[in-house]
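We did not get these values from a lab; they are worked out from the coordinates using the rules stated. Everything numeric in this text was worked out from a predicted model, so none of it was measured. All Cβ positions, glycine included, derive from the backbone under ideal geometry; neighbour counts span all protein chains shown.
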Number of protein chains: 2
Amino acid sequence: MKIAVFGTGMVGTTIGTKLVELGHEVMLGAREASNEKAAAWAKTTRAAHGTFADAASSAELVFNCTSGAGSMAALMAAGTASLRGKIVVDVANPLDFSKGMPPSLLTSSTESLGEQLQLAFPDAKIVKTLNTVNASVMVDPSRVPGDHDMFVCGNDAGAKAEVTALLRSFGWTSILDLGPISAARGTEMYLILWLRLWGALGTGDFNVKVVRAPNA
Amino acid sequence: MKIAVFGTGMVGTTIGTKLVELGHEVMLGAREASNEKAAAWAKTTRAAHGTFADAASSAELVFNCTSGAGSMAALMAAGTASLRGKIVVDVANPLDFSKGMPPSLLTSSTESLGEQLQLAFPDAKIVKTLNTVNASVMVDPSRVPGDHDMFVCGNDAGAKAEVTALLRSFGWTSILDLGPISAARGTEMYLILWLRLWGALGTGDFNVKVVRAPNA
C-alpha cells in the first residue's frame, strides 16, 4: 500500500521503517521538503520523503505521527483535498510540555485530538490507535510478553477494519474497538496514567491487558 | 480498627460492609445524621452511622466514598481537627455529569481531586486508591480472574503501607505504588478510558493488568 507517515521523530521513523519492512511504499512527510532527518531516514530505508502535502497526495493511507501540538498544522499543510476519503491513523497525543514535566494535556476532558482532527477534516476517516504504547512496542508488541491490548476507535467501521488488519501485520493480536472517535478522550487521557506507570516501572516497554470477568 | 466511611451510595455501603465483615468498627458518615440510607445500612450491618464529623472524629482512618463533586464539602463538614494526622483513603472520582453522558472530569490535567483534598487538608494523609474499579471489584478483586493491578499514590509512605495492608485484606495481591498524590491525575483521568471500556465490554467487572517487559 502507498502510505504517508507524518512526523520525523521517533514515532514517525519507527512506524515508517516497520511499514517499509512490511513491503509498503512509504513517504515520510515533514513541514519542509528539505528536512534533514527525513532525508537521512529515507536514504537508510530506501524510501521517500517530502512535504506533508507531497506525502499525503500520493498516499492511500496516512499515519499521523507528529507531536500532538503540531498535528493540526501538519494536516492543514497536507490539505483537505489530499486527505479526502483517506484513512488517517492518528497516533499523536496532545501533550503539553509548556507547564513542565510531567506533561499535561492540551485538551479538556470533553474533547480529544482525534475528535478535533475529525471535525477539521470531515471527509477523512480518522482512526485513533497506537498512542497508548511507546514507539518500540507499537511496531513490536512482543517486546511486552503475553497478552495485552491495543485500542482502536473511529467513526468509520470499514476504516477501523483496515487499520485493525495493519495492526495485525505489526504483530498485534488483541485489538479492542472502543467505538466512535470520541473514545479518543479515553485513550489520550490514559497517557497521564501511562507517564506515571513509566516512572514507577522504570521502563516504557509495558502495556495494559484488560482483564474481565469470565461471564463478560 | 475504627473506620469512618463517607458516602452512603453504592461505593460507601459496599466498602463499609466489607470493613464490617473484616471485623472493623465502622461508622458511615453522611451530611445529615438522619440520612435514611445510612440508617438502613447501619441497621442491616449492625454498624453505626452519623454525620461526617461524628464519623471522622472517633475514627482512626477515613474512607472518602462520596461523589467527587461532593468530596470537598464532605471533608470540610468533617472538619480539619477531626481529620488531623489521619489517613484519608480517597476513592472518589471527580466526574462531571452536568454535560451529559458519558461524564467528563471536573478537573484539568494539571490537577486532581486527590491533590485538591491534600492541599485543603495538609495535616491529613490522603491516599488515592480503588477509584479505578467498580464497587464490587474494590472489595472482591477475585470477581476479575487472574492477576490485575490496584494503584496507590500519596505523599506519606507510612500511610501508603497501611492502606496497602488494608487492600491486601480485601484480597488485592498486586498493588502498584505510583508515587506522590499528584499521580492521582493519572488514575482519575483513567476513568474516562474506564467508561469507554465499560461500554465496549458491557460489564463493569473488569480491571487492567500492567504487563511489562521481562527485563523491566
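Length gained on full extension, B:Lys2 to B:Leu119: 39.6 nm, using 0.36 nm per residue less the C-alpha separation.
How long are the semi-axes of the ellipsoid equivalent to region B:2-201, from square roots of 5 times the Cα gyration tensor eigenvalues, in whole Å, largest first?
Value: 23, 19, 18 Å, ordered largest first.
Positive end of the dipole of chain A, charges at C-beta (+1 Lys, Arg; -1 Asp, Glu), about the Cα centre: which of A:Ala77, A:Val5, A:Met150 has its Cα farthest in that direction? The Cα lying farthest towards the positive end belongs to A:Met150. For B:Val89, the amide hydrogen comes within under 5 Å of the amide hydrogens of B:Val62, B:Phe63, B:Asn64, B:Val127, counting only partners 5 or more places away or on other chains and with H modelled in the peptide plane. Evaluated over the Cα positions of region A:88-216, the convex hull gives a direction-averaged projected area, one quarter of its surface, of 8.8 nm². Equivalent-ellipsoid semi-axes for region A:1-49 (Cα gyration tensor, √(5λ), whole Å, largest first): 15, 10, 10. Between identical copies, the spacing of A:Ala165 label points, each set 7 Å from Cα toward the C-beta atom, reads 5.8 nm from nearest to farthest. For region B:1-113, the antiparallel share of DSSP beta bridges with both residues in that region comes to about 10%. For B:Gly9, inter-copy separations between label points set 7 Å beyond Cα along the Cβ vector come to 3.6 nm, shortest first.
Computed from backbone phi with θ = phi - 60° and the Karplus coefficients 6.51, -1.76 and 1.60, the 3J(HN,Hα) list for region B:71-86 is 5, 4, 5, 5, 5, 5, 5, 5, x, 4, 5, 6, 9, 4, x, 9 Hz; x is used for glycine and proline. Farthest towards the positive end of the charge dipole of the protein assembly as shown, among the residues B:Ile181, B:Gly202, A:Leu105, is the Cα of B:Gly202, using unit charges on the Cβ of Lys, Arg, Asp and Glu. Sorted from nearest, the other copies put their A:Glu32 label points 7.0 nm away, the label point being 7 Å from Cα in the direction of Cβ. The amide H of B:His49, built 1.01 Å from its N in the peptide plane, has B:Leu28 as neighbours under 5 Å, considering only residues 5 or more places off or on other chains.
Based on the alpha carbons, how large is the Rg to Rh ratio for the protein assembly as shown when Rh follows Kirkwood?
Values: Rg = 23.6 Å, Rh = 22.8 Å.
Over the Cα atoms of the protein assembly as shown, Rg/Rh equals 1.04.
Take each residue in A:193-204, count the other chain C-beta atoms within 10 Å of its C-beta, and the mean is 6.
Add -39500 (n - 2.57) for each DSSP H run of 4 or more in chain A, then divide by its residues: what number comes out at 222 nm, to the nearest 500 deg cm²/dmol? -12000 deg cm²/dmol, from helical runs alone.
Please report the antiparallel percentage of the DSSP beta bridges confined to region A:2-201, to the nearest 5.
Details: 5 of 29 bridges.
Restricted to region A:2-201, the bridges split so that about 15 percent are antiparallel.
Residue-wise HN-Hα couplings along region A:115-129, as the Karplus relation 6.51 cos²θ - 1.76 cosθ + 1.60 with θ = phi - 60° gives them from phi, are 5, 4, 5, 5, 5, 6, 10, x, 8, 9, 10, 7, 10, 8, 6 Hz; Gly and Pro carry x. Close amide H contacts of B:Phe151 (hydrogens built in the peptide plane, cut-off under 5 Å, sequence separation of 5 or more or a different chain): B:Leu130, B:Leu176. Shown for region A:2-201: lysine pairs separated by 8 or more places, or found on different chains, whose C-alpha atoms are under 17 Å apart, numbering 10.
Evaluated with a Cβ-only charge set (Lys, Arg +1; Asp, Glu -1), region A:2-201 carries a dipole of roughly 260 debye about its Cα centre, given to the nearest 20.
Let me know the mean shielding of A:181-192 by other chains, meaning the per-residue number of their Cβ atoms within 10 Å of its Cβ. The partial results should precede the final answer.
Details: counts 0, 2, 8, 1, 8, 12, 3, 4, 11, 8, 4, 11.
Across A:181-192, the average partner-chain Cβ count within 10 Å equals 6.
Here the Karplus relation 6.51 cos²θ - 1.76 cosθ + 1.60, evaluated at θ = phi - 60°, turns the backbone of region B:49-57 into coupling constants of 8, x, 6, 4, 5, 3, 5, 5, 5 Hz, with x for every Gly and Pro.
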